[in-house]
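Accompanying notes for the structure given below.
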Amino acid sequence: MSSENLRFVGTISLALLALVAIAVGLSMVPLPSERLFISHSGYTVRYPADWIVGDVRRDSSYESELIREPNGRATIAVSVHQEPRLQERGGRAAVAREIELGFTRDKNYRLNFFGWITPEVGAEYNGYVATGFFDNGSGQYAFREIGVLDPAGSKVTFRTEVLAAFVEKLGPVVDAALLSVRSDWTQQILKRGYGSTLITADEAKGFVERLPDFALYRDAALEQGAVYILEAEDSGVLWKVRMYVGGANGGTLVKIPIESWRVDKTTGAISKVVP
């Protein structure tokens with residue numbers, strides 16, 4: 001994973017809660033000329049003044065509002081999907097599973113990162129971040145998508161797409177737009193996140209141990225007579241939690257890295273590192 005993506009993942013949890021911070025290691029110099037877009041969902045987005053507010057796409061369950069770069073090389077989309085299942089805990093978990101499978105099993109996607117704000121997918125307040133590349137049949141695009149699962153019954157997504165050949169030029173522009181997203185709801189969540197007690201290394205490892213996928217790796221290691229080891233490395237606002245399996249070799253314990261996660265010290269949000 002590139003250094004840019006490592007920085008991005010490093011602050012991804014608070015970015016999702018607040019929808020105001022995506023760490024991409026890029027300059028945060030304000031755009032020289034911008035306009036304010038107010039979506040039907042109540043979110044506001046700042047975008048370059050020469051970009052075009054495009055068509056609104058609708059069907060029975062969703063509405064997408066689009067902002068396009070004049071030459072068609074990049075798009076910012078704010079979408080609201082009506083999803084009554086989010087009003088029920090079990091329904092939220094089912095929706096979360098469908099979202100993750102949609103990204104991880106679709107061959108058109110090449111993910112750099114996918115993570116949930118909390119591993120408890122049925123939690124009342126949850127959401128996700130996905131980044132990487134996808135092929136829509138006419139070309140390859142770099143994308144970032146932030147989704148918020150609203151317990152009132154809707155999924156709000158913020159997605160940017162840039163033609164891969166223009167990522168260096170237009171990437172900072174769409175990232176700045178994501179940084180500008182605001183709503184009263186996200187500000188309330190931000191205050192809750194910043195008011196939390198910092199999580200210790202042992203607590204971070206405990207969170208990882210409760211993950212369903214961790215149990216699969218652990219059980220496989222134990223069945224083979226190996227031991228598993230969890231280590232937490234301090235990385236500023238995050239704990240880097242790594243899982244190793246180990247076995248004896250001439251009296252020395254040999255550790256083999258298997259998986260790794262990042263745990264936000266403030267929120268406890270877990271992001272799995274995608275190889």
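Some observations on this one:
- You can think of it this way: the chain between Q140 and T104 has 11.3 nm of extra reach, that is 0.36 nm per residue less the Cα-Cα gap.
- Protection proxy ranking of 145-152, 204-211 - average other beta-carbon atoms within 10 Å, highest first: 145-152, 204-211
- Calculated accessible area for segment 59-175 comes out at 44 Å² per residue, all protein chains present (probe 1.4 Å; ligands, DNA, RNA ignored).
- Take Y47: with every protein chain present and a 1.4 Å probe, its accessible area is about 10 Å².
The values are calculated or read from the model by the stated rules, or taken from the named source; none is laboratory data. Bear in mind the structure is a predicted one, so any value in this text is a computation, not a measurement. Because the Cβ atoms are built from the backbone with ideal geometry, glycine has one as well, and the counts that use them run over all protein chains shown. Heads up: the accessible areas ignore ligands, DNA and RNA and are worked out on the full protein's heavy atoms, side chains in. Shrake-Rupley method; radii C 1.70, N 1.55, O 1.52, S 1.80 Å.
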